[in-house]
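Heads up, the thing below is written out as structure tokens.
The values are calculated or read from the model by the stated rules, or taken from the named source; none is laboratory data. Note that the structure is predicted; figures quoted are calculated from it, not measured. Every residue, glycine among them, receives a Cβ derived from its backbone with ideal geometry; neighbour counts consider all protein chains shown. For the accessible areas, the whole protein counts, side chains as well, though only heavy atoms, and no ligand, DNA or RNA atoms are used. Shrake-Rupley method; radii C 1.70, N 1.55, O 1.52, S 1.80 Å.
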Amino acid sequence: MKEWKNMGVFNPGLLIDFDCENFGDPDITVTSGTGFQDLAEITLTVNSPTNAVWLNAYATWTGTSAADFITFRFLRDGVDPLCSAIDSVDQAGQADTTAFSCCDTTVDAGVHTYTLQASVTHPSGGQQQTVTFSMGSFQGAVINT
């Protein structure tokens, strides 16, 4: 009979903290030219500066113009942009889903708030366009490295 202890990637004490925030009920609408808007926020406790914070998010959204670009970003404590991803509207009125991950490896010990934000850019500078986020989730885990 095979022994299962010590199998897998997670050793005891590897996961320090975890938080998850679902969003999109009700829908969130972001208008082009208005800057970044919050979609979700989580709070994590980091025990040591050697910990890493793993952030993961997905969002399902529908744009009103096929020329629009959506920029997503993770912020630490409301001021430090960590990383971003850009997606474009394939077809106006059709739902799309964007997912991305990021690791924060330069975080000090303490309680930190992470925010998932989105902005919409309409490159022609014409009439403002909108993107509506119908569902999504933002997760974070503190890993003992």
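Hey, could you check segment 44-90 for residues that are buried (at least 19 other Cβ atoms within 10 Å of the Cβ) and of a type in the set (Ser, Thr, Tyr) and say which is nearest to ILE28 (Cα to Cα)? In this case the residue turns out to be THR64.
For the condition β-branched (Val, Ile, Thr), farther than 13 Å from GLN139 by Cα and modelled with pLDDT under 95, VAL46 does not qualify. Filtered by the rule that a residue be under 24 Å from ALA141 (Cβ atoms), part of a strand (DSSP E or B) and more than 10 Å from the chain's Cα centre (by Cα), segment 88-126 gives THR97, CYS103, ASP104, GLY110, VAL111, HIS112, THR113.
SER119 meets each of the listed conditions (1) in contact (Cβ under 8 Å) with a residue 60 or more places away in the chain; (2) out of contact with any strand residue (DSSP E or B) (no Cβ under 8 Å at 6 or more places or on another chain); (3) of a type in the set (Gly, Ala, Ser) apart from (2). Looking across segment 25-39, the residues that are in a loop (DSSP other than H, G, I, E, B) and either of a type in the set (A, V, I, L, M) or within 12 Å of ILE70 (Cβ to Cβ) (or both) come down to SER32, PHE36. Mind counting the residues in segment 107-145 that are more than 19 Å from CYS20 (Cβ to Cβ) and either open to solvent by less than 50 Å² (accessible area, probe 1.4 Å) or at pLDDT 95 or above (or both)? The total comes to 11.
Results for (1) assigned to a strand (DSSP E or B); (2) more than 19 Å from PRO123 (Cβ to Cβ); (3) at pLDDT 90 or above; (4) in contact with a helix residue (DSSP H, G or I) (Cβ under 7 Å, 6 or more places away or on another chain), shown as yes or no for each residue.
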| residue | (1), (2), (3), (4) |
| --- | --- |
| GLU3 | no, yes, no, no |
| ASP19 | yes, yes, yes, no |
| ASN56 | yes, yes, yes, no |
| ALA67 | no, no, no, no |
| ILE70 | yes, no, yes, no |
| LEU75 | yes, yes, yes, no |
| LEU82 | yes, yes, yes, no |
| ILE86 | yes, no, yes, no |
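With the requirement that a residue be acidic (Asp, Glu) and farther than 13 Å from ARG73 by Cβ, what does segment 88-127 give you?
If the condition is that a residue be acidic (Asp, Glu) and farther than 13 Å from ARG73 by Cβ, then ASP90, ASP96, ASP108 are the ones that fit.
Among residues of segment 15-26 that are at negative phi and open to solvent by less than 80 Å² (accessible area, probe 1.4 Å), none has a Cβ under 6 angstrom from a residue that is of a type in the set (A, V, I, L, M, F, W, C) and part of a loop (DSSP other than H, G, I, E, B) at a sequence gap of 6+ or on a separate chain.
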